[in-house]
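Undergrad: If you scroll down you'll find the structure; I have some questions about it.
The values are calculated or read from the model by the stated rules, or taken from the named source; none is laboratory data. All values derive from a computational prediction rather than experimental measurement. Methodologically, a virtual Cβ is constructed for each residue, glycine included, from the backbone with ideal geometry; neighbour enumeration extends over all protein chains shown. To get the accessible areas, we keep the full protein, side chains included, count just its heavy atoms, and leave off ligands, DNA and RNA. Shrake-Rupley method; radii C 1.70, N 1.55, O 1.52, S 1.80 Å.
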Amino acid sequence: MKKILINDKAKKRFKQGYPLVHQNDLVNDTDAMLTEWVEFVTSSGEFIGYGYLGQQNKGSGWIVSFNKSLPINEETFQRIFSDAFVHRQSFFESKVTDAFRIFNGEGDGLGGLTIDWYQGFLVVSWYNETIIQKKELIIHELTNILNEQVKGIYEKNRFNNDKYPETQHIYGLTAIEPLIVKENGVLYAVYLNEGLMTGIFLDQKDVRNRLIEGLACGKNLLNMFSYTGAFSIAALAGGASHTTSVDLAKRSIDKTREMFIINGINPDSQDIIVMDVFNYFKYATKKEKTFDCIVLDPPSFARNKKKTFSVAKNYSELVFDAVQILETNGVLIASSNAANVSVEKFEQMIESGIKKNQRNFKLLDFYQLPSDFKTSPAFKEGNYLKVFIYEIY
C-alpha cells in the first residue's frame with residue numbers, strides 16, 4: 001500500500017478523527033489521482049490512517065480508517081454499510097416516510113459517497129473520480145446486504161469529468177416517472193434520472209415536518225427559492241391558508257403544480273410565480289402584499305443576468321427585504337446549506353437583517369441535518385444545514 005506523507009501541522013487534527021485531507025496537508029504536492037487505497041503517515045513514519053486521495057470541491061482525499069489494525073477491504077464495506085442501515089432502521093420501518101438518506105459519506109465512515117433511498121430505488125452520488133473506481137465493489141455490497149429490498153439503482157456523478165454521465169440508471173428496474181414518494185405522510189413527485197436533483201431536498205425533512213405539524217396553520221406563506229414547492233406543500237398539509245411560491249426557473253411552475261395535484265390540491269388555488277426573488281420583494285412592496293410566514297432557502301450561490309447572490313455575502317440583505325413584507329408576529333424560516341458559513345455567522349447575518357428593520361424577534365427553533373444525514377462530531381462542516389425559525393414582532 002502506497003504511503004502518503006502528512007505534515008506535522010495537520011497531525012493533531014487527524015488524531016482527533018478529522019477525516020478530510022486537504023492539499024496543504026500533504027508533504028508532497030500530489031497531483032496524481034490514485035485509484036488504490038493508501039496509508040497516511042507522518043514524515044517520521046507515524047500512522048495516521050487508511051484512506052484515499054481524490055480531488056473534489058471539499059478537499060483532496062478522505063481518511064476511512066483511523067485504526068492501524070483495520071485496513072480497507074471488502075469487510076470494511078460490509079461493516080460500514082451494515083452499520084449505516086441499522087442506524088436508519090426506523091426509517092425503513094416507517095409507514096409515513098419512504099424517501100431518506102441511507103448513507104451519508106464521512107458521517108457513516110466513507111467520505112465522497114452518499115446514497116439516498118426512494119421507495120426501494122437507490123440514488124448513489126459519487127463526489128470524486130477515485131471513489132467511483134470502487135463502483136463494482138460498492139454496488140455488490142449494497143445489493144448483497146439490502147438484497148431484494150433494492151428495486152433499482154441510479155448514479156449521480158458530482159465531479160468535473162466529461163467522460164462520466166451526469167446521471168444514469170445502472171442496476172435493476174427503472175423507476176416510473178414521476179415516482180411518488182412519502183415523507184411524514186405528504187406526497188412528493190421525484191425524478192431519479194433527471195439531472196443531479198430529484199425534486200426534493202431530503203435534508204429538509206425535519207423543517208417540512210414542523211410545517212406539517214402546524215407552524216404555518218392559518219397563515220399566508222411565502223416560499224422563496226421554491227424549486228418544486230416542497231415547503232408550500234408541507235405548509236398546506238399543516239393548515240396554511242394560502243401559499244405563494246417564487247422561483248426564477250420556469251420549470252418551477254409545472255413541477256410545483258404537479259406537487260399540488262398529487263396531494264389533492266388545486267394548483268390554481270395557490271400562487272406560483274417565476275421571478276427573481278429580489279424583484280419579487282420590490283413587487284410585493286409596491287403592491288402592499290404582506291405575509292404571515294416567509295421561507296428563505298436560497299442556494300449557496302446563484303447568478304442571473306443582473307445580480308450575483310451568495311449566502312456568505314448577501315443573506316442579511318435577503319432577510320432585510322423579507323422582513324419588510326412580514327406581518328407583525330410573523331414567522332421567518334431562514335435556511336442555508338452553505339458549508340463555508342458557520343452557524344454563528346449565519347445567525348448573526350439573519351439577526352442583522354431583522355434589526356435593520358427595527359423589528360424585535362424571538363428565536364423559536366433551530367435545526368441542522370436530520371438523523372438519517374449522520375454526521376461526524378470531528379467534522380463540523382459536514383453538518384452543513386442551518387435553519388433558524390424566528391417570530392418577528
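Undergrad: Exactly one condition in (1) more than 21 Å from G112 (Cβ to Cβ); (2) open to solvent by less than 60 Å² (accessible area, probe 1.4 Å) is false for K355; which is it?
TA: It fails just one condition, (2).
Undergrad: Pick from G195, G214, G199, G238: which is at pLDDT below 95, farther than 17 Å from M275 by Cβ and open to solvent by less than 50 Å² (accessible area, probe 1.4 Å)? Spell out the reasoning first.
TA: Numbers: G214 fails: at pLDDT below 95; G199 fails: at pLDDT below 95; G238 fails: at pLDDT below 95.
Matching residue, one of G195, G214, G199, G238: G195.
Undergrad: On to the next question. K9 versus (1) in contact with a Phe, Trp or Tyr (Cβ under 9 Å, 6 or more places away or on another chain); (2) over 16 Å from D108 (Cα atoms); (3) outside any loop (DSSP other than H, G, I, E, B): which is the lone unmet condition?
TA: Checking K9 against (1) in contact with a Phe, Trp or Tyr (Cβ under 9 Å, 6 or more places away or on another chain); (2) over 16 Å from D108 (Cα atoms); (3) outside any loop (DSSP other than H, G, I, E, B), the one that fails is (1).
Undergrad: Continuing with the same structure: Quick check: is even one residue across segment 145-163 more than 22 Å from the chain's Cα centre (by Cα), surrounded by 14 or more Cβ atoms within 10 Å (Cβ to Cβ) and of a type in the set (V, I, T)?
TA: yes
Undergrad: Determine, yes or no, whether I200 is over 29 Å from Y171 (Cα atoms) and out of contact with any Pro (no Cβ under 8 Å at 6 or more places or on another chain). Give the steps one after another, and end with the answer.
TA: Working: over 29 Å from Y171 (Cα atoms): no; out of contact with any Pro (no Cβ under 8 Å at 6 or more places or on another chain): yes.
For I200, the condition - over 29 Å from Y171 (Cα atoms) and out of contact with any Pro (no Cβ under 8 Å at 6 or more places or on another chain) - is not met.
Undergrad: Being surrounded by 16 or more Cβ atoms within 10 Å (Cβ to Cβ), over 30 Å from K15 (Cβ atoms) and free of Cβ contacts under 8 Å to residues at least 60 places away in the same chain narrows it down to one residue among Y315, Y367; which is it? Steps first, answer last, please.
TA: Details: Y367 fails: free of Cβ contacts under 8 Å to residues at least 60 places away in the same chain.
Every option except Y315 fails the conditions.
Undergrad: Let me ask you something else. One residue is enough: does segment 310-328 have a residue meeting the conditions β-branched (V, I, T) and under 24 Å from K58 (Cβ atoms)?
TA: yes
Undergrad: Right, another one. Quick one: in segment 246-266, of everything that is open to solvent by less than 10 Å² (accessible area, probe 1.4 Å) and assigned to a helix (DSSP H, G or I), which residue is modelled with the lowest pLDDT?
TA: First, the residues of segment 246-266 that are open to solvent by less than 10 Å² (accessible area, probe 1.4 Å): 246, 252, 256, 259-260.
Remaining after also requiring assigned to a helix (DSSP H, G or I): 252, 256, 259-260.
Details: S252: 95, T256: 98, M259: 98, F260: 98.
Among them, the one singled out is S252.
Undergrad: Could you say which residue among T285, T228, T243 is polar (S, T, N, Q), modelled with pLDDT of 95 or more and open to solvent by 50 Å² or more (accessible area, probe 1.4 Å)? If you could, list the steps in order and put the result at the bottom.
TA: Numbers: T228 fails: open to solvent by 50 Å² or more (accessible area, probe 1.4 Å); T243 fails: open to solvent by 50 Å² or more (accessible area, probe 1.4 Å).
Answer to the selection: T285.
Undergrad: Now for a different question. Please report, ordered by residue number, the strands (runs of 3 or more DSSP E) entirely within segment 19-91 with at least 3 residues that are at pLDDT 90 or above and crowded, with 20+ Cβ neighbours inside 10 Å. Before you say what the answer is, go through the steps one by one.
TA: Working: elements: 38-42, 47-53, 61-65.
In segment 19-91, 47-53, 61-65 are the strands (runs of 3 or more DSSP E) which contain 3 or more residues that are at pLDDT 90 or above and crowded, with 20+ Cβ neighbours inside 10 Å.
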